[in-house]
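Student: Please see the structure below; I have some questions.
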Amino acid sequence: MGTPIKGMGNPEVPKVDFGPCCFCNREIEHTGADPCTVTVETGDGRWQVWRCHASCFRERVFSREDGMFDPAHF
Ligand SMILES: [Zn+2]
């Protein structure tokens, strides 16, 4: 079960520029995995997008021994 078309009803137009990182507030250069896009969808189907450095995300996400939360691509 889910919303078939994400973003419907959201009047916000995504910004073209990457903007600052949502974790460290520094500008993000387009290198390697950067800029990463962090999308959060709530239980009631609302969603929001942020940009961040891959390194900033990686150092903040909890590191489990089994690697469950480790980013797969950076
Ligand atoms: Zn950052």
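Only the coordinates and a few stated rules stand behind these numbers; no lab work does. It should be emphasised that the depicted structure is a prediction, and the values quoted were computed from it without experimental measurement. Heads up, the Cβs are rebuilt from the backbone with ideal geometry, glycines too, and the neighbour counts pull from every protein chain shown.
Student: Could you list all residues from region 17-42 that are closer than 13 Å to Phe57 by Cα, outside any loop (DSSP other than H, G, I, E, B) and not hydroxyl-bearing (Ser, Thr, Tyr)?
Tutor: Selection gives Cys36, Val38.
Student: Pairs please, first residue from region 46-57 and closer than 15 Å to Pro71 by Cα and outside any strand (DSSP E or B), second anywhere and of a type in the set (D, E, K, R) and within 15 Å of the ligand (Cβ to nearest atom), Cβ atoms under 6 Å, 6+ apart in sequence or on different chains.
Tutor: His53/Asp34; Ala54/Asp34
Student: Scan region 17-74 for residues that are within 15 Å of the ligand (Cβ to nearest atom) and of a type in the set (S, T, N, Q) and jot them down.
Tutor: Those that are within 15 Å of the ligand (Cβ to nearest atom) and of a type in the set (S, T, N, Q): Asn25, Thr31, Thr37, Ser55.
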